[in-house]
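*Asks:* The structure follows.
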Amino acid sequence: MPKIRTHRGTAKRVKVSANGKVTHRHQFSGCGHILSKKTRKRKRKFRKDQATFAGDLRRFAAHIPYLL
């Protein structure tokens, strides 16, 4: 039986924390677009990784079989 290939694009975007939580970059983390109307607090929160939802985890499971 051959090994299952990891989807490299997903593997680069998703990380598993030490506690086993799956995290990914915030949706607008790379935005450098119309920043004047966004508050400092909002832009600061974009920098942090966020936890992945359960529905997304099921989708990611097929892409990264050895990570989860």
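*Asks:* Say R0 is 35 Å: what FRET efficiency, to the nearest 0.05, do ARG8 and LYS37 get from their beta-carbon distance? Please list the in-between numbers first.
*Replies:* Numbers: r = 36 Å, r/R0 = 1.02.
Working from the Cβ atoms, E equals 0.50.
*Asks:* Compute the signed sum of charges (Lys and Arg +1, Asp and Glu -1) over the other residues within less than 10 Å, Cβ to Cβ, of CYS31. Numbers along the way, then the final one.
*Replies:* Working: positive: LYS38, LYS43; negative: none.
That works out to +2.
*Asks:* Over the chain, what relative contact order in percent results from Cα pairs under 8 Å that are six or more residues apart?
*Replies:* On the way: 57 pairs, mean separation 29.4, N = 68.
43 percent.
*Asks:* Just one of [x] 34, 10, 6; [y] 27, 13, 10; [z] 30, 13, 9 is semi-axes √(5λ) of the Cα gyration tensor in Å calculated from these coordinates, so which is it?
*Replies:* [z]
*Asks:* Report, in debye and to the nearest 20, how large the dipole of the chain comes out about its Cα centre when Lys and Arg carry +1 and Asp and Glu carry -1 on their Cβ. Don't skip to the answer; put the middle values down first.
*Replies:* Values: 20 positive and 2 negative charges, 103 e Å.
Dipole magnitude for the chain comes out near 500 debye.
*Asks:* How far, in degrees from 0 to 90, does helix 54-63 lean away from the longest principal axis of the Cα atoms of the chain, to the nearest 10?
*Replies:* Taking the Cα atoms of the chain, the angle to 54-63 is about 50 degrees.
*Asks:* Let me confirm the definition first: pairs of Lys residues in the range 8-63, 8 or more apart or on different chains, C-alpha distance under 21 Å. How many are there?
*Replies:* So the count of such lysine pairs works out to 10.
All of the numbers you see were taken from the coordinates with simple rules; none came from a lab. From a predicted model like this one, the values you see are computed outputs, not experimental measurements. Heads up, the Cβs are rebuilt from the backbone with ideal geometry, glycines too, and the neighbour counts pull from every protein chain shown.
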